[in-house]
Every structure is written in structure tokens, then in C-alpha cells.
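Trainee: One structure, pasted below without further comment.
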Amino acid sequence: MIENKLDPDQLDKLSNILRVLFNLPDLELNDNLTAKDVPGWDSFNHVNLIINIEEEFNVRFSNDEVGGMQNVGNLKSLLASKIS
Amino acid sequence: MLNKFLSELFTGEFNNALSILDNIKLESPIPSEVLTMLRLAIFKPGQNFLYYQKIFNTWKKWGQPALKPSPTNLKVLFLSDFTADHFSPMIQLFCAAQGVKAEVHLPGFDSIEQTILDPSSSMYKHKPNIIIVLFSEYWLQKYIGNSSLVKQADLEEAQNALSTLISSMRSNSSADILIGNLPGRTFASPSGIVSMNKMMGWNLAINRFNLWLENIAGDRLYIIDIAEAIFSAGGRKSMGNLNFFRARLAFEISGILSVAREFASAVCHLSGKTHRALVTDFDNTIWGGEVAELGSFGVECSHESPEALGFLMSQEYMKNLRPLGVLLAGVSRNDPKIKKIFTENKELALDLDDFASLQLGWLPKSDYISQISNDLGFGSDFMVYMDDSLFEIAQILSVHPYMDAILAGPDSQSTITRLASYRFFNSISISSEDLKRGSRALKLKEQRNFKTSFSKIEDFLEAIQIRLSFVKFNSENSKRLVQLFQKTNQFNLTTRRHREEDLKNLEDNGAEIYSVSYEDTFGSQGIISAFVLIPEADTLLIESWLMSCRVLNRTVEQAVFSFILKKANGKQIMGEYIPTEKNGLIKSLYETLGFNRPVMTLEQNSNEEQWVYSDANLKKSPPKHYVSISEL
């Protein structure tokens, strides 16, 4: 398992993407947060989230990674591994 | 706040501009500068989806207010053979910026045929005003196959299938139908445009399909140039080359946004909510340098240098808007004498005749915009302002909050790029009236000059020999009549937004619908007025009456009324006035014409006024006019 190592700016940027896409201005990310905890996080919005993270961070997730994300902690680790 | 927002929007960070907007505390009523900021943020092209979603959220937070006066409400149905969830909020948002409140329904992915062919399907129950049909290449592939060479017969089968769908939509709905043409394939086809023995490469098949589509347009069917929208978005890289596999998206985000903007712009065009004039500053906007300092030949606008060429091409771009019916106006802080540059410097693309209104002087620029609005006969909400100074843009927007604006510069190439990419002036069809608007504005200008030589208005009106022709609603005038019903706000007594179907229904039920064309010694103004008369047992009801404001103060309304009076043939005439935000101009029209308020009124809506021109009035002489009338 790769360690979470998003810096505070990156974490803020990621939080902001979720806040805008789900229109939840007060959403706080914690590692155990999953799709079913967030209203509107369905299969379409999952892909939409990935697309927007890819655009904003200029990274690319593989098909397996998109399908295999379990929770926000997992997403953060994956993203961190691609940025570093 | 507006100043800071504009500088972030045009010269700083888009995200900072959005944060300024998002941090404004909610208040009621919504401040007009918030509406201006929302609109300008929406119009800014080329941003990531996340930003537009952020604007959408802010707009929603304010209760999705109308961003232009007198918005048009429309139900839009969006049919596609791929996942199109992004389109609904984006089309709503882009339409809102142009004054159209669109309610967008998506019946579900890959359901085009089922939905269209079933007359009892929910799409028809929604009674949409506009149906958008957007196919991907995979829809075409169902008919023509995936082989690199396509059979002519298979292409014809796809065309027949689409013809059947169009017929079904026409017979089950009165909506306008927008169909997108096809961009190239996501993955380049090796067969290109080869052609042999009734077989052709995929690219050629798409070209032929698109050409066929353009030829079947008409009768409520409009073809939208999605191929161009995708080209603008970066071409093949904006096609679904990654996310088609993940979620059946036919386009990547940049493509989705460009296509959504194109459809929204078409929807707004159909509702008459398009920009009708470009108002431009001069120095460092349409040429480099200051003409007062450098003289007519010292400014930069020619083939001589990269910077000068950019100015020349910007001028050519502006000039080319004119044939589409877009008017040009100039505003400059300069001595009026500098206008000689347009006659002296032959290298400029624009000349004096290109400007329907020219305002040179030292007053605040917002005053000149009001003058231009008078000259052109429509409000600043239909205009776009371009200047290289953020100060001037902010000053104008603070007085004209519904005007749209773009910044010119810092170099001339940025100006033409911005002018083209904002898609402010996007035609999907052109009526003959649009074509005439430009020459009409110039005639008006001559007329204003002419008018000053008469001391009495009566003498002037007599001298210009106004002639009105009354023609019943028919296939030739229907397009312009429907356009007038959609667009006219000020001289519109009941503001009933009749569409073609409504007019047909009214006529089938006995109504008499007339168009009125205007002509005088300066030339024709085309159809300038329309009215609907409903004959009842002992009354003639004026159900609708509207007129273009550009013919006001010429006794045209008195002449139209004298025609209606003749049609009443002794019956009493009933008129209605339904006040709106915009039609205060004609509040006293019926009174001026000699109507009275009835003693007993049946008014259901307290605002609505009924007026009667009865026997007692008939003895009075009808209002005087200086117009000759004929019915064709």
C-alpha cells in the first residue's frame, strides 16, 4: 500500500473538486469516506469525478484503478502516487 | 467588486473570478452586478468542466435567476445514443446567459428510436418546445457497419431511418427539431475519402451524410454544426477516446462543453435571444495606437506587421458579421473629426457605412450606449461591447448590466481569437429580415439626418410617403411573424408568444392574422407589425398586436388601427393591455386611439386591462395618420 502523501494544497484541491461536483460546499474528506456516504455519488458521477481529477491534476488512471477504488483514502494514495 | 471580478475574469485567474462571485453574500433582490458577473463567467469559453459546474452551483444558490430581462421559458428534450448527463446542466447554464430559461429532459441513453417512434412516449407528453437529437458515430455504424469501406446502399438506409424518425417527430410534436451533424471518427479511419463502385471510405460517408442532412433542413428542422464545435474544441482529442470506454461518453469534456454551447446557442437563436449588435471602441481595439496622436495613416491596421495584420483581420471579422444581420456601432473618446480615418485610410477593412451608429465625444461611454440603443431600436441587452480598457467595460456594465462584453488585447491576435471563440454571434438560420437589418439601420441613419431639415414632423411624414401593406398569415411571412411574436417586447400589447402552430390553430378557429410591411422613400423596412383579430358575435377582439419600435412616431399605429376599424365593419372593438416590465411604452395606446375602459370588466388578472372602442366612439373621427394603406 502506497502511503498518503498529498500535500495540504493538493488535498485542498481534491476536496474542492468533490465539493463542486457534488455541490456540498462543507464536505470534509476523510479516508474512510465511500461513495455511498455522499449523496449523488453514483456510477456516472464516479467516472465524472475521475475525469475531473484527471483534468485538474493532469494525471491518468487506468481502467482497473477507476474500477478498484474503495474509499477516499484509496483515491488519495493513488493520486499521490501519480503526482510524485 | 465588479471591477475586481472583471480584471480576474479577463486578465487574471478564472478561478479567482469565480471565488469572488461565490463569496458574495446572498441578498434579495439579487444585485444586478451579480447577474452581470454570472453571465460573463458563463460566456467565457475554454475552461474546465469543474469551473462551469462551480458557476452552475453559484447560480443555483441564488435560485437560478434570469440573467437577462424578459427571459423565454422553453422545454428542451435531449435525445442521444450515448451517456449525455453532462449536457443537461451545461445547456441550462449556457442558455441562461442568453436569456432563455431551459428545462432540459434526458429520456435515457440509447433510446432514440424507441422514444421517437412511440407516439405515447414520455417525450411527447412533456410537450417540448425544442427536440435536440445528437448521434454519435456509433449510431451511424449500426446502419453502415464498421468496415473501412461503406456501401452506398447502407448509407441510404441510415438516411431513410433518420427520415422516418424526423417524420415521426414532426407528426407527434410541434417542437423545433435540432439535429447535430457528425464530426469525423474518434479513431482515424484508414479509408479516408476513397471512392469506388458504390463503395466509399468512412470519412466520405460522413461528409455525404452531413451534406444530405443540410439539404433536408427546413420546416422546423435545423442542422447544428457539431463537426465545427468539435473542431473548435481541439478536434479528435475532444472525441470520446478514453471516456467512451469508461462510461459511453461520445466526447471528452472539452468536446461536451463545446457541443453543449453550440446547442444552447442554437436554442437561444430560435427564441430570438441572440446578440444583434457589436459595439466597439476604436483605439487599440480595432487598430493599434491612438488615431488622434498618430493621424489616419499612423495607426496599425494593414498587412505590414504581425500586430497590424491582427487588427486588419479583427476588422474583417467584424465586417463579416454584417451580412448575418449583426449591426456594428462605434464608441470612442475622441474628437468627432477622427472619423475621417475611415474615408482616408483605405487599408482599413471597416468603412464609415459599416457603422449603424457612431458615437465620438467625451461623455461617459454608458451615455453613448443609450444613444446607440435609441439609434438601433433595441436594448443594450442585445449588444456586446468590446474595448481594450477594463475601466470602460466596467463603467458601461455598471449602467447597462444586461449588456455583454469582451476585452480586446493585449495584442491584436488575442482580440480576434476572443471575438471568434466567444460564439456571441452564432447563426443557425438566417431570415430575410436578418439580412435586411443592416441596410435598414443605415437607412434609419439617413432618415435621422433628413428629419432635421424639417421644422414640423407632419411635413416630414408627408414628405417620406409611408406605405403600409397588410398581408394575411401565409407560408411566406410565417417565419418573420413567429420571430416578431418571440422577440417584440416593448410595443406588444399582450406579449403572447405565439409560435407557428399557435398561429395556425388560431387561424383554424376563425382568427384573422395580419402582417404589416412598411415602406417609405428611404426604402423598405420589411414586416414591422403583426396582429391577431378574433371576430365574435358583436365584437372584434384584438388578441395580439405588436410592432417594431423602429417605426414609432410615424403614425403607423394609427394607420394600423384605422385598418382594424375597417375590418370591424361597425362592430365594437375590444382591446387588451397586459402590462409587463417592458411594454410600459404603450400603456396609453388604446386611450390615445380613442378607446374607453368598459364599466363592467371581466378581468381575471388584476393587471390586465380591457379597452373598448364602441358605437359611441365610432362617431368620432379615427386618429389622424400620414400613411397610405393597401391590403394584398
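Trainee: From the list B:Ser7, B:Ser28, exactly one residue is more than 14 Å from chain A (Cβ to nearest Cβ), under 28 Å from B:Gly234 (Cα atoms) and more than 25 Å from the chain's Cα centre (by Cα). Which is it?
Mentor: Matching residue, one of B:Ser7, B:Ser28: B:Ser7.
Trainee: Oh, and also: Tally time: how many residues in the range B:251-272 are part of a loop (DSSP other than H, G, I, E, B) and either modelled with pLDDT of 95 or more or surrounded by 23 or more Cβ atoms within 10 Å (Cβ to Cβ) (or both)?
Mentor: Taking the range B:251-272 and keeping what is part of a loop (DSSP other than H, G, I, E, B), we get B:252, B:271-272.
Next cut, either modelled with pLDDT of 95 or more or surrounded by 23 or more Cβ atoms within 10 Å (Cβ to Cβ) (or both) only: B:252, B:271.
So the answer is 2.
Trainee: Would you be able to say whether some residue in the range B:267-284 is within 14 Å of another protein chain (Cβ to nearest Cβ), in contact with a helix residue (DSSP H, G or I) (Cβ under 7 Å, 6 or more places away or on another chain) and under 30 Å from B:Asp387 (Cβ atoms)?
Mentor: The initial filter retains those residues of the range B:267-284 that are within 14 Å of another protein chain (Cβ to nearest Cβ), namely none.
Scanning the range B:267-284, I find no residue that is within 14 Å of another protein chain (Cβ to nearest Cβ), in contact with a helix residue (DSSP H, G or I) (Cβ under 7 Å, 6 or more places away or on another chain) and under 30 Å from B:Asp387 (Cβ atoms), so the answer is no.
Trainee: To continue, here is another question. Out of the residues in the range B:72-127 that are among the basic types (Lys, Arg), farther than 25 Å from A:Leu21 by Cβ and outside any loop (DSSP other than H, G, I, E, B), which is farthest from the other protein chains (Cβ to nearest Cβ)?
Mentor: B:Lys125
Trainee: Among the candidates B:Leu77, B:Leu21, B:Leu40, single out the residue that is at pLDDT 95 or above and within 29 Å of B:Arg499 (Cα to Cα). Outline the logic, then answer.
Mentor: On the way: B:Leu21 fails: within 29 Å of B:Arg499 (Cα to Cα); B:Leu40 fails: within 29 Å of B:Arg499 (Cα to Cα).
Only one candidate qualifies: B:Leu77.
Trainee: Report, by residue number, each residue of the range B:123-142 that is of a type in the set (S, T, N, Q) and either in contact with a Lys or Arg (Cβ under 8 Å, 6 or more places away or on another chain) or surrounded by fewer than 19 Cβ atoms within 10 Å (Cβ to Cβ) (or both).
Mentor: Taking the range B:123-142 first, the residues of a type in the set (S, T, N, Q) are B:129, B:136, B:141.
Correct list: B:Asn129, B:Gln141.
Trainee: Could you please find all residues in the range A:26-59 being away from chain B (no Cβ under 11 Å) and in a helix (DSSP H, G or I)?
Mentor: Answer for the range A:26-59, where residues must be away from chain B (no Cβ under 11 Å) and in a helix (DSSP H, G or I): A:Ala35, A:Lys36, A:Asp37, A:Phe57.
Trainee: I've got another one for you. When residues of the range A:8-17 are filtered for being free of Cβ contacts under 8 Å to residues at least 40 places away in the same chain, more than 10 Å from chain B (Cβ to nearest Cβ) and surrounded by 11 or more Cβ atoms within 10 Å (Cβ to Cβ), how many remain? Even if it seems obvious, please write down each step before you answer.
Mentor: Initial filter on the range A:8-17 (free of Cβ contacts under 8 Å to residues at least 40 places away in the same chain): A:8-9, A:12, A:15-17.
With the extra rule that they be more than 10 Å from chain B (Cβ to nearest Cβ), the set shrinks to A:8-9, A:12, A:15.
Those still in the list that are surrounded by 11 or more Cβ atoms within 10 Å (Cβ to Cβ) too: A:12, A:15.
Total meeting the criteria: 2.
Trainee: Hey, can you tell me all the residues within the range A:50-65 that are out of contact with any Phe, Trp or Tyr (no Cβ under 9 Å at 6 or more places or on another chain) and farther than 13 Å from A:Leu14 by Cβ? Steps first, please.
Mentor: Applying the first criterion (out of contact with any Phe, Trp or Tyr (no Cβ under 9 Å at 6 or more places or on another chain)) to the range A:50-65 yields A:56-62, A:64-65.
Scanning the range A:50-65 gives A:Asn58, A:Arg60, A:Phe61, A:Ser62, A:Asp64, A:Glu65.
Trainee: Looking at A:Val66, is it crowded, with 16+ Cβ neighbours inside 10 Å, facing another protein chain (nearest Cβ under 9 Å), under 21 Å from B:Asn243 (Cβ atoms) and at pLDDT below 95? Lay out the reasoning, then the answer.
Mentor: On the way: crowded, with 16+ Cβ neighbours inside 10 Å: yes; facing another protein chain (nearest Cβ under 9 Å): yes; under 21 Å from B:Asn243 (Cβ atoms): yes; at pLDDT below 95: yes.
Answer is yes for this residue.
Trainee: Regarding the range B:216-232, can at least one residue be identified that is without any contact (Cβ under 8 Å) to a residue 12 or more places away in the chain, away from chain A (no Cβ under 14 Å) and part of a helix (DSSP H, G or I)?
Mentor: no
The values are calculated or read from the model by the stated rules, or taken from the named source; none is laboratory data. Predicted model, so just to flag it, every value in this text is computed and none were measured. Note: ideal-geometry Cβ built from the backbone for every residue, glycine included; neighbour counts use all protein chains shown.
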